[in-house]
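Written out below as structure tokens is the structure these notes cover.
The values are calculated or read from the model by the stated rules, or taken from the named source; none is laboratory data. The structure displayed is predicted, hence computed values, not measured ones. Please note: Cβ atoms are built from the backbone with ideal geometry, for glycine as well, and neighbour counts cover all protein chains shown.
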Amino acid sequence: MAVSGTVSQTTFNTRKVIDHAFRRCRLPPQGVSSEMIATANEALYLILSNLANRGIQLWCIQKDILPLYEAVSEIPLPVGTVDILNANFRTLTELTGTETSSSTAVSIDFSQDIQVTNVGVLFNGASTAYTIETSPDGSTWTTVATVANPSLTSGEWNWTDLQGTLARQYCRVVASTGTLNQSDVFFGNTPTEIPMARINRDDYSNLPNKTVQGRPLQFWLNRQRDYPIMNVWQVPNGDFIFAQIVCYVKRYIMDVGTMTQEIEVPQRWYDAIVYCLAAKLAEELPSVDPQMLPILDQKMLRALKEAEDEERDNSPIYFTPNIAIYTR
């Protein structure tokens, strides 16, 4: 018997998620009003937001590169960040050569083939989208990274890690449209990272001098309503203005979009999300038979357990007990 020949190509958009949830509530299509659909959309947003309280969703782990500024100890994290999972302090080796700059581009000739792994752009005006390109001869250019407009202002850095770049003699940063608005461009390689230690609020508040400058290797995460703030110690000094903090963070699932868009969950989670939505609708909509509520709750818990049990990366886990207090 013939099979489809495709895997994970079926589109399961927001409309289908909501339609299936209403069916599991035993509501016929003709009994679903536009107001009920709006309620389902809002309930779906609440469900996806609440998943941040139920452990780590592997697809919501992202890498953020945070710039450092002299004498600035508070580093805001991107909106939507829930928590920091790992944080490393990173330094780079600056690559030098003959630079040529214009209003739209900055290029550098290293005089030999060198691999560029990291590029930073310091803006002196409103940021713009740009591309990073390399060339063996200064005439034929290959795009190695495309950077969307980072929405930064004057005096702010944007750092980009380059993946799979080859050693080339030339490298340049080019504005996609308009002017680049740069005051400095940093080309670097040989990134060296040191894990940063996370401390609690009490330890941070007990520091006798929170303004002492040096190499920041500790941080307290101040989890505010709109976005967390990373309070680093020591405060970066002028020796580390080209350094960064590389974070792997846990973020919220993307907002629910239009009915024709998909929700940002992997295929293995769809059934659980539909049951979660059906259970919440059964609780909120008076047209749903109250006897359906315990049934849907039970099925929701089972579907959630199946999805969460599979939310793992299967990597080895190592436990290192600290028994020094008993043996010294």
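Miscellaneous remarks
- Residue among Leu77, Leu58 that alone is crowded, with 20+ Cβ neighbours inside 10 Å and touching a residue at least 12 places away in the same chain (Cβ under 8 Å): Leu77
- Qualifying residue in the stretch 58-73 (condition: in contact with a helix residue (DSSP H, G or I) (Cβ under 7 Å, 6 or more places away or on another chain) and part of a loop (DSSP other than H, G, I, E, B)): yes
- Scan of the stretch 251-268 for residues that are of a type in the set (Ser, Thr, Tyr) and loosely packed, with under 14 Cβ neighbours inside 10 Å, ordered by number: Thr258, Thr260
- Among the residues making up the stretch 195-208, those that are within 25 Å of the chain's Cα centre (by Cα) and surrounded by 13 or more Cβ atoms within 10 Å (Cβ to Cβ) are Met196, Arg198, Ile199.
- Filter result for Thr153 (in a strand (DSSP E or B) and loosely packed, with under 13 Cβ neighbours inside 10 Å): no
- Verdict on Ile241 being among the aliphatic types (A, V, I, L, M) and free of Cβ contacts under 8 Å to residues at least 40 places away in the same chain: no
- Within the stretch 274-293, residues that are under 17 Å from Asp19 (Cβ atoms) and modelled with pLDDT of 95 or more sit with their Cβ atoms under 6 Å from residues that are part of a helix (DSSP H, G or I) and of a type outside the set (A, V, I, L, M), at 6+ positions apart or across chains, in these pairs: Val274/His20; Tyr275/Lys299; Ala278/Arg24; Ala279/Asp297.
- Condition broken by Ala52, with the remaining ones in (1) among the hydrophobic types (A, V, I, L, M, F, W, C); (2) under 26 Å from Glu262 (Cβ atoms); (3) touching a Gly at 6+ places or on another chain (Cβ under 9 Å) satisfied: (3)
- Filter result for the condition that a residue is assigned to a helix (DSSP H, G or I), out of contact with any Gly (no Cβ under 8 Å at 6 or more places or on another chain) and surrounded by 13 or more Cβ atoms within 10 Å (Cβ to Cβ), over Ala38, Ala43, Ala87: Ala43
- Of all residues in the stretch 99-141, those that are part of a strand (DSSP E or B) and among the β-branched types (Val, Ile, Thr) total 9.
- Flag: Tyr248 matches the condition of being loosely packed, with under 15 Cβ neighbours inside 10 Å and among the aromatic types (Phe, Trp, Tyr).
- Residues that are assigned to a loop (DSSP other than H, G, I, E, B) and either more than 29 Å from Gly120 (Cβ to Cβ) or under 14 Å from the mean Cα position of the chain (by Cα) (or both) within the stretch 217-240 comprise Arg225, Tyr227, listed in sequence order.
- Of the helices (runs of 4 or more DSSP H) that lie entirely inside the stretch 241-328, those containing 3 or more residues that are within 30 Å of Ile194 (Cβ to Cβ) span 324-327.
- Residues that are of a type in the set (Lys, Arg) and modelled with pLDDT of 80 or more were ranked within the stretch 294-328; the one that is nearest to Leu58 (Cα to Cα) is Arg312.
- Flag if Ile18 is in a helix (DSSP H, G or I), among the β-branched types (Val, Ile, Thr), surrounded by 13 or more Cβ atoms within 10 Å (Cβ to Cβ) and touching a residue at least 40 places away in the same chain (Cβ under 8 Å): yes
- Among the candidates Gln267, Gln261, Gln244, the residue that is farther than 17 Å from Val17 by Cβ and at pLDDT 95 or above is uniquely Gln244.
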